[in-house]
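**Student:** The structure follows.
The values are calculated or read from the model by the stated rules, or taken from the named source; none is laboratory data. Bear in mind that the values here come from a model prediction, so they are computed numbers and not experimental data. A quick note on method: Cβ atoms are made from the backbone with ideal geometry, for glycine too, and the neighbour counts reach across all protein chains shown. For accessibility, only protein heavy atoms count, side chains too; no ligands or nucleic acids. Shrake-Rupley method; radii C 1.70, N 1.55, O 1.52, S 1.80 Å.
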Amino acid sequence: MNYLVTGGAGFIGANFVKYLLKNRQDIKLIVLDDLTYAGNLGTIKEELKNPKIAFVKGNICDPQVVETVFEKYNVDFVLNFAAESHVDRSIENPQLFLQTNILGTQNLLETAKKYWTKGKDENGYPVYREGVKYLQVSTDEVYGSLGDTGYFTEKTPLDPRSPYSASKTGADLIVTAYSETYKLPVNITRCSNNYGPYHFPEKLIPLIIKNILEGKKLPVYGDGSNVRDWLYVEDHCKAIDTVLHKGSPGEIYNIGGHNEKKNIEIVKLTLSTIRRLMEENPAYRKALKVSGNSIDWICEDLITYVKDRLGHDKRYAIDPKKITTELGWYPETKFEDGIVKTIRWYLENQDWVAEVTSGDYQHYYQQMYGNR
Ligand code: NAD
Ligand code: TYD
């Protein structure tokens, strides 16, 4: 089968590419990515040596680009990971989020409809080539924010609050519209916060790791009591693969592993884990960007509470009952193990961090945190 993976040079997309090559035989993978600040070909450089993969640099909003891909490759599945994905950036520049996340999605849907249609039924609905599917990688943020209790189910009303989540909601609605209006076979997955290797260091966990290694302050928004529901990225990839192959067309599936943590807990755990790993294995101190042998300064004194994010959602928490009971998916990585695996990966892969942060990131960091 031929998989078109958009955004395959970003955090989750790249992990998905790796997952697929490891776990599925007889596949052809076409990665379409515009290589924005968040996309890095280095992340999938080993995979790109594999003849099963083709890489196309291009924008999902560009009809010509997407048509060319469909023209050249007999695409069976579209997995749309490509997006502007960072809430803070969406607050600075909402329009780019609407363009990429909504119009890009619509362009992919339209092209898939065109190339997959083989005729019409008696009611005028398109009839599609057997076995094709479009999967939209969405987020739990479309449901808005929870209070102290309760969970997001697939029936929770959509209530996005940031430009990012509003754009992802718009994308979900246009996917549903193609499903209803044109009977295009689609699924939408809505996952909670991911963590793991290759996460761009503008997001909480990799940013905290990076700052600790540089001896910088650790910016916690507000009072640090906001809650996120964390899932190891490989578990997300497995869930997407499961939905693609077993999900009923037209259905939405929430993905999460019941792992709620306050932001401040995450920051403290990251601090104590880095320190412990460096005490146990002094070789890890090579990742430090500050001179001197002592690591006594790796402690909670580094934490600094900064101005809160505008419209900061209080709590996210997924109810994954539907995907677990109907499709048999369950998360395999316990948070205690996943976070250590992730931190070890960053300690061992500082070259990757240097590579992805060499350009736009410095400017972004100065703008976001420079004068806080
Ligand atoms: P990311 O920002 O790390 O990667 C996005 C990728 O998309 C990059 O490779 C980028 O170059 C590419 N891209 C951006 N605009 C493009 C365009 N116009 N055309 C082609 N490529 C473009 O994002 P991520 O964290 O890997 O998220 C992937 C998807 O998963 C997104 O749709 C996001 O909304 C969703 N999601 C993310 C999380 C999370 O915790 N990170 C959780 C749930 C859902
Ligand atoms: P983030 O990783 O940006 O993901 P999202 O906003 O999509 O959930 O942020 C996770 C949480 O961490 C969120 O509540 C905001 C908070 N946060 C900080 O406290 N400090 C930071 O520097 C960042 C980037 C995030």
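**Student:** So for segment 34-122, what percent of the C-alpha to C-alpha distances run longer than 22 Å?
**Tutor:** 37 percent
**Student:** Now for a different question. What residue among Tyr125, Tyr198, Tyr330 has the largest mean-square fluctuation in a Gaussian network model of the chain, using Cα springs under 10 Å?
**Tutor:** Of Tyr125, Tyr198, Tyr330, the Gaussian network model singles out Tyr125 as fluctuating most.
**Student:** May I ask you to evaluate 6.51 cos²θ - 1.76 cosθ + 1.60, the Karplus curve with θ = phi - 60°, for each residue of segment 100-114 and list the ³J(HN,Hα) values in order in whole Hz, giving x for glycine and proline?
**Tutor:** Here the 3J(HN,Hα) series is 5, 6, 8, 5, x, 4, 4, 5, 5, 4, 4, 5, 4, 4, 4 Hz.
**Student:** Now a separate question. Return the aspartates and glutamates within reach of Lys321: Cα separation strictly under 17 angstrom, same-chain partners fewer than 8 residues apart disregarded; answer none if there are no such residues.
**Tutor:** Asp140, Glu154, Asp229, Asp235, Glu251, Glu260, Glu332
**Student:** With no solvent and one point per C-alpha, what does the Debye sum give as log10 I(q)/I(0) for the chain at q = 0.11 Å⁻¹?
**Tutor:** Per q value, in the given order, log10 I(q)/I(0) is -0.76.
**Student:** Just report the Cα centroid separation between segment 253-283 and segment 10-37, whole Å.
**Tutor:** Segment 253-283 and segment 10-37 have Cα centres separated by 26 Å.
**Student:** Pairs to check: Lys289/Lys314; Lys52/Lys113; Lys217/Lys262. Give those whose C-alpha atoms are more than 28 Å from each other in this structure.
**Tutor:** Lys289/Lys314, as the Cα separations exceed 28 Å there.
**Student:** If the elastic network links every pair of Cα atoms under 10 Å, which of Ser138, Ser85, Ser358 fluctuates the most in the Gaussian network model of the chain?
**Tutor:** Ser358
**Student:** How much length would be gained if the chain were fully extended between Glu326 and Gln64, taking 0.36 nm per residue of separation minus their Cα-Cα distance, in nm to one decimal?
**Tutor:** 90.5 nm is the gain from fully extending Glu326 to Gln64.
**Student:** Same structure, new question: Per DSSP helix of 4 or more residues, -39500 (n - 2.57); summed, then divided by the residues of the chain. What does that give at 222 nm, rounded to the nearest 500?
**Tutor:** About -12000 deg cm²/dmol.
**Student:** For segment 142-202, just run the numbers: alpha carbon Rg, then divide by 2.2 N^0.38 Å, N being how many residues it has.
**Tutor:** Here the answer is 1.34, to two decimals.
**Student:** Same structure again: For segment 9-14, in order, what is each residue's ³J(HN,Hα) by Karplus, 6.51 cos²θ - 1.76 cosθ + 1.60 with θ = phi - 60°, in whole Hz (x at glycine and Pro)?
**Tutor:** Result, ordered by residue: 9, x, 4, 6, x, 5 Hz.
**Student:** Next question. What spacing in nm lies between the two simple spin-label points modelled at Tyr125 and Gln350, each 7 Å away from Cα in the Cβ direction?
**Tutor:** Distance between label points: 5.8 nm.
**Student:** Let me ask something else about it. Hey, can you grab everything whose amide H is under 5 Å from the amide H of Leu135? Only 5+ residues off in sequence or another chain; H modelled, so Pro and N-termini drop out.
**Tutor:** Amide H to amide H, under 5 Å and 5 or more residues apart or across chains, Leu135 pairs with Val78, Leu79, Asn80, Asn187.
**Student:** Summarise the accessible area of segment 1-137 (1.4 Å probe, protein heavy atoms) by the percent that is carbon and sulfur.
**Tutor:** C and S atoms contribute 49 percent here.
**Student:** Please check: in the Gaussian network model of the chain (C-alpha springs, under 10 Å), which one of Gly124, Gly104, Gly196 has the largest mean-square fluctuation.
**Tutor:** Gly124
**Student:** Then there is this: Between Tyr305 and Leu158, what is the spin-label point distance in nm, taking each point 7 Å from the Cα along the Cα→C-beta axis?
**Tutor:** Distance between label points: 3.6 nm.
**Student:** Once you have the Kirkwood Rh of segment 70-136 from its Cα pairs, apply Stokes-Einstein at 37 °C and 0.692 mPa s and quote D in µm²/s.
**Tutor:** Rounded, D is 239 µm²/s.
**Student:** To the nearest 10 degrees, how steep is helix 163-182 against the longest Cα principal axis of the chain, on a 0 to 90 scale?
**Tutor:** Between the helix axis and the principal axis of the chain, the angle is about 20 degrees.
**Student:** What's the extension gain from Glu214 to Lys118 if we count 0.36 nm per residue and subtract their Cα-Cα distance?
**Tutor:** Result for the pair: 28.9 nm of gain on full extension.
**Student:** At 0.36 nm per residue, and after removing the present C-alpha to C-alpha distance, how many nm does the segment from Glu336 to Ile91 gain when stretched out fully?
**Tutor:** Taking Glu336 through Ile91 to full extension adds about 85.0 nm, to one decimal.
**Student:** I would also like to ask the following. Of all DSSP beta bridges in the chain, what percent run antiparallel (nearest 5)?
**Tutor:** 15 percent
**Student:** Quick one: with all protein chains in place, what share of the accessible area of segment 190-240 is carbon or sulfur, to the nearest percent (1.4 Å probe)?
**Tutor:** Of the solvent-accessible surface of segment 190-240, carbon and sulfur hold 52 percent.
**Student:** Put a dot 7 Å past each Cα toward the Cβ at Ile27 and Arg275; how far apart are the dots in nm?
**Tutor:** According to this spin-label approximation, the distance is 4.1 nm.
**Student:** Accessible area per residue, 1.4 Å probe, Å², for the chain: what's the number?
**Tutor:** Computed with neighbouring chains in place, this is 43 Å² per residue.
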